[in-house]
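The values are calculated or read from the model by the stated rules, or taken from the named source; none is laboratory data. Predicted model, so just to flag it, every value in this text is computed and none were measured. Cβ coordinates were reconstructed from backbone atoms using ideal geometry, including for glycine residues, and neighbour counts include every protein chain displayed. Protein only, heavy atoms only, side chains kept; ligands, DNA and RNA dropped before computing areas. Shrake-Rupley method; radii C 1.70, N 1.55, O 1.52, S 1.80 Å.
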Amino acid sequence: MTEATTVRTPTGAQAVQRALEVLHSFHDNGPDLSASDLSRRLGLPVSTAHRLARTLVGAGFLEQDVRTARYRLGPAMTELGRLSYHQRGLHLAAPELADLAARTGAAADLALRSGPHVVSVAGGPVPPLAGLRRPLRSTAPGRVLLAWPRPDEPAALDEELADVRADGFAREESGTAPTGAYDTGYGTRTLAVPVLDRSGHARFALSLRAAPAVMTDERGAWFLAQARACAQALEILLLPPAERRPPTA
């Protein structure tokens, strides 16, 4: 058999990596995917993509529509997501975020870092952009997470991130004003602050987003104070006592 036609059996680690790549293919929250879609996205033969998907169906991580034969995330993913939500204490953050939103008239989101992306994980009073992954640099919450890195991560702050850290917050503007207070995909102003641990690492980013008519320049300092007060409360709710910053005098 020539080298061009040799079929190499993946190692256990490679098989796991491929299975994870299949799951990551669903991050864009788009329509159900076929085996051909997975094949194109992952650069694998259709037969390999189909075999991986069927294995994940058997484990409950994917499910297959009996009419279209397309795949979507399965009940095991829902279960693990709910478990992670509670293990991280994010259910405790929901009332604080709803209260912040009620006080400010803005939507309040809590986000964390997932590799090179920022992911919204909780919010109020409207559903957050939950599960929406965006590049860290492209959003105010993402820049906050970059500006306060982990202690074991080199703090290579460029001018923009250094300014975020010096100011203690990040801002983001987009589009023209929508008719309502909350994000409609355009016309919003976002203000983000860190939820810091004892080491000074931003474990989460808390953001407020609203139309510029709501979050005006004149009220910017007030919105910032509200966000920071909520971030301090979330430090207590979400971090173990040994990882919290000492109270300030």
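Per the listing Arg228, Arg244, Arg137, Arg150, the residue uniquely modelled with pLDDT of 95 or more and open to solvent by 40 Å² or more (accessible area, probe 1.4 Å) is Arg228. Taken over the range 196-228, residues that are over 14 Å from Arg171 (Cβ atoms), over 23 Å from the mean Cα position of the chain (by Cα) and part of a loop (DSSP other than H, G, I, E, B) amount to 3. Taking the range 50-133 as the region of interest, none of the strands (runs of 3 or more DSSP E) fully inside it holds 3 or more residues being among the basic types (Lys, Arg) and under 24 Å from Arg203 (Cβ atoms). Quick check on the range 76-90: of everything there that is open to solvent by less than 80 Å² (accessible area, probe 1.4 Å) and out of contact with any Leu (no Cβ under 6 Å at 6 or more places or on another chain), which residue is nearest to Leu237 (Cα to Cα)? Filtering the range 76-90 for residues that are open to solvent by less than 80 Å² (accessible area, probe 1.4 Å) and out of contact with any Leu (no Cβ under 6 Å at 6 or more places or on another chain), the one nearest to Leu237 (Cα to Cα) comes out as Leu90. For the range 76-92, residues that are in contact with a Gly (Cβ under 9 Å, 6 or more places away or on another chain) and modelled with pLDDT under 90 total 3.
Just to be sure before I move on: is Ala93 small (Gly, Ala, Ser) and open to solvent by 20 Å² or more (accessible area, probe 1.4 Å) in the structure I sent? Walk me through it before giving the result.
Values: small (Gly, Ala, Ser): yes; open to solvent by 20 Å² or more (accessible area, probe 1.4 Å): no.
It is false that Ala93 is small (Gly, Ala, Ser) and open to solvent by 20 Å² or more (accessible area, probe 1.4 Å).
Just one residue in the set Arg165, Arg171 is under 19 Å from Ala231 (Cβ atoms), part of a strand (DSSP E or B), basic (Lys, Arg) and at pLDDT 90 or above; that residue is Arg171.
Here's the yes/no breakdown for (1) touching a Leu at 6+ places or on another chain (Cβ under 7 Å); (2) open to solvent by less than 40 Å² (accessible area, probe 1.4 Å):
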| position | (1), (2) |
| --- | --- |
| Asp28 | no, no |
| Arg41 | no, no |
| Pro45 | no, no |
| Ala53 | yes, yes |
| Val57 | no, yes |
| Leu62 | yes, yes |
| Asp65 | no, yes |
